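The values are calculated or read from the model by the stated rules, or taken from the named source; none is laboratory data. Worth saying up front: this structure is predicted, and the values here are computed from it rather than measured. In this analysis, Cβ positions are derived from the backbone assuming ideal geometry, glycine residues included, and neighbour counts consider all displayed protein chains. Heavy atoms of the whole protein, side chains included, go into the accessibility calculation; ligands, DNA and RNA do not. Shrake-Rupley method; radii C 1.70, N 1.55, O 1.52, S 1.80 Å.
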Amino acid sequence: MDAMWVVALALGLPLIEISLFVTVGAWLGLWVTLGIVVGTAFLGVWLIRRQGQKTQSTLKAALGARSNPSKALAGDVLVVVAGALLVLPGFFTDVCGLLLLLPPVQHRLIHLSARSVARRTNHHATYRGAGDGLAQLHEDEIIDTTWEELADGSARHPRRTRH
């Protein structure tokens, strides 16, 4: 993220939250407004705690099955971010946090993130792979490698087997 965007976010977010506090507070009243802010903070803390426990069990199950937990963990991370946004006082962050709890929004963000990572990884592999013998891998391709350390400290190239 560019430094200019960070500064704009740091200055703009409090202004948005203050204006929403004033507007919503005038519309709903002080006690209802404070009740919503405190209630969403408790909801955020509860979500973070629950998601932490769920993430541990997800990781254990994925490691036990020797499967890739990245998609499940991506959803778990989004729920934790949603919880953190709900803990922050303010209506804008609460709405953003609640949106992150919706499965279609989660799927879209995970898809966009995966595409961005894949694009950067492919660009990096293509750039590094020019002339150094790196092959492009297919998504479902597995490469088994073995290595051994020689007594004299010299390096030996790994044996690779494509599946």
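Checking every one of the trypsin sites (Lys or Arg not before Pro) in the stretch 6-98 against DSSP loop status and a limit of 12 other Cβ atoms within 10 Å picks out Arg66.
Rounded to whole numbers, the Karplus 3J(HN,Hα) couplings from phi for the stretch 59-68 are 5, 4, 5, 5, 5, x, 8, 6, 10, 7 Hz, using 6.51 cos²θ - 1.76 cosθ + 1.60 with θ = phi - 60°, and x at Gly and Pro. Extension gain, Ile16-Val117: 0.36 nm per intervening residue step, less the Cα-Cα distance, totals 33.3 nm.
Put the Cα centre of the stretch 4-41 next to the Cα centre of the stretch 66-124 and the gap is 23 Å.
Shape analysis of the stretch 41-114 places it in the oblate category; the axes a ≥ b ≥ c from the Cα gyration tensor give an a/c of at least 1.5, with a/b not above b/c. Considering the options Val79, Phe92, Thr55, tell which one lies farthest towards the positive end of the dipole of the stretch 35-102, charges being +1 on Lys and Arg and -1 on Asp and Glu at the Cβ, about the Cα centre. Highest projection toward the positive end goes to Thr55. Quick one: if the Förster radius is 41 Å, what FRET efficiency do Ile110 and Trp31 give, using the C-beta to C-beta distance and rounding to 0.05? Working from the Cβ atoms, E equals 0.60.
Of the accessible area of the stretch 1-133, computed with a 1.4 Å probe over protein heavy atoms only, carbon and sulfur atoms account for 73 percent.
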